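For reference, the structure discussed in these notes is given below.
A short reminder: the numbers here are calculations on the coordinates, not readings from a lab. Predicted model, so just to flag it, every value in this text is computed and none were measured. With ideal geometry, Cβ positions are generated from the backbone for all residues, glycine too; neighbour counts draw on all protein chains shown.
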Amino acid sequence: MKKIIKAILRLIRRYIKDYLCNKRIYSEQMREEFYNMVNVPVSMQGELSLSEKRAVEVLWGGINPRLSFAEYGVFKELCGFDPRYMSHQTYLPLVARTLNNYRYTKLFEHKSLLGYLVNGSLKFPRCIIRCVDQEYYNEQMNQLMFKDVVSLCIRENVLIVKDSVDSAGGKSVEKLDLSNLSEKDKKAQVVRVLNERNRDFVIQECVRQHHSTAIFNESSINTFRITSLYLNGVFSILSIVFRFGKSGMNVDNWGSGGIMIGVYSDGTFQSFGYDIQLNKYYEYNGIVFKNRVIEQIPSLLKQIECIHTSCFSLCKFIGWDVCFNEKNEPVIIELNSSQPGVFGEQICTGPIFGVRTQEVIDYCKKKGFEY
């Protein structure tokens, strides 16, 4: 009798665990779909035919039994139908957490540790202060007292301050201009920033970008988002987009109002880009996109392959935010090693996994999902 009761209790616990997990998955799926669709004009929310819906179900249904077709209607309207497009409703959490185990990969994208945990052939912004769990450190991770932090910061003219975690879309980025201030006012500004920030943040140099990207908008650091996959021992560049802020913006992020343009692997820009409301742009600030070339892109892609496969092999799927400094050297501004964005990237460059879509699906099926 006791064995029967124990078996029943195990079944009940398993049922409750599965129920709570499925509820959490569904909640995250609906949230992600809402975040993407809320900015899409009704005129661009297309409809799939029955045969198109069936094609999506055949491809993705094995890992997402609750498929929604809302995002596929947008892809169809803008780019034409292709079942290989991946909706955020499938991506988060089902694909992202399977490709990248957050228990390991989250640490790599912690902005206070950028350039410290892993060093490779690519440069990172010079770090003045790292704040980790309310403790202050310098670039070499030597611990600092509060007064030492203030002393280091007031030596700089311009600083970039941002939260180290949960800061998607550039929402926590602050440009702190200390030039032309008295020492007293410099200290006051630095103390204000230190008191306002949470327990994890970073203070970095303000990277001066190269003219070739600054011409789009000088007030933001404009970056290339390069998305790569290192799966089953095979490396691929999946997507390259260029992002820049609109006039007066301090950040280039698409979700914060910037513009995103697809880029070919030889560095040639596509003829048009989009903002998050899906307005189409063929030029900006007098700069025509079509046939514009950034010649450093092919060599950058080789460097990313090297650093992904040798230093970040725990992360299967990475989004690299890279700018070119005034010396035309690539600098990694941010590393997205858990859940790099895919919605805008797919609109600009096509299905994110391309010819490797079925391989990724098979990998996710075999490995299985867990929080």
If only Cα atoms are counted, what is the Rg of segment 2-95, and what is its Dmax, in Å? 17.6, 62
Using Cα-Cα distances under 8 Å and only pairs 6 or more residues apart, what relative contact order does segment 2-95 have, in percent? 35 percent
Around E71 (Cβ within 11 Å, Cβ-to-Cβ, excluding E71; K/R +1, D/E -1) the net charge comes to -2
Restricting to Cα pairs under 8 Å and 6 or more apart, the percent relative contact order of the chain works out to 19 percent
Could you please rank L159, L50, placing first whichever residue has the fewest other Cβ atoms within 10 Å of its Cβ? L50, L159
For K365, counting only aspartates and glutamates whose alpha-carbon sits under 17 Å away and dropping same-chain residues fewer than eight positions off, the answer is E57
Under the Karplus relation 6.51 cos²θ - 1.76 cosθ + 1.60, θ = phi - 60°, what is the ordered set of whole-Hz ³J(HN,Hα) values for segment 74-91, x standing for Gly and Pro? 5, 4, 4, 5, 8, 10, x, 6, 7, x, 6, 4, 10, 6, 5, 5, 8, 4
Take the cross-link list K290/K316; K171/K290; K111/K147; K23/K367; K246/K290; K147/K175 and give me the ones stretching past 28 Å between alpha-carbons. K290/K316; K171/K290
Give me a comma-separated list of calculated 3J(HN,Hα) values for segment 291-296, in order, Karplus coefficients 6.51, -1.76, 1.60 applied at θ = phi - 60°, integers in Hz, x for any Gly or Pro. 6, 6, 10, 9, 5, 7
Give me the Kirkwood hydrodynamic radius of segment 30-164, using the inverse of the mean 1/r over all pairs of distinct Cα atoms, in Å to one decimal. 18.7 Å
Ranked Y230, Y116, criterion: other C-beta atoms within 10 Å, fewest first: Y116, Y230
Over the Cα atoms, compute the radius of gyration (one decimal) and Dmax (the largest Cα-Cα distance, rounded to a whole number) for segment 43-91, in Å. 9.8, 31
Label point distance in nm, K290-S27, each placed 7 Å from Cα along Cα→Cβ: 4.9 nm
Proximal lysines to K53, defined as alpha-carbon separation beneath 19 angstrom and excluding residues fewer than eight positions away on the same chain: K76
Zone of S121's modelled label, taken as backbone nitrogen in segment 328-350 under 16 Å from a point 7 Å along Cα→Cβ: 329-332
When E305, E71, E47 are ranked with the fewest other C-beta atoms within 10 Å first, the list becomes E47, E305, E71
Kindly provide log₁₀ I(q)/I(0) values, in the same order as q = 0.07, 0.12 Å⁻¹, from the Debye equation applied to equal alpha-carbon scatterers of the chain. -0.35, -0.96
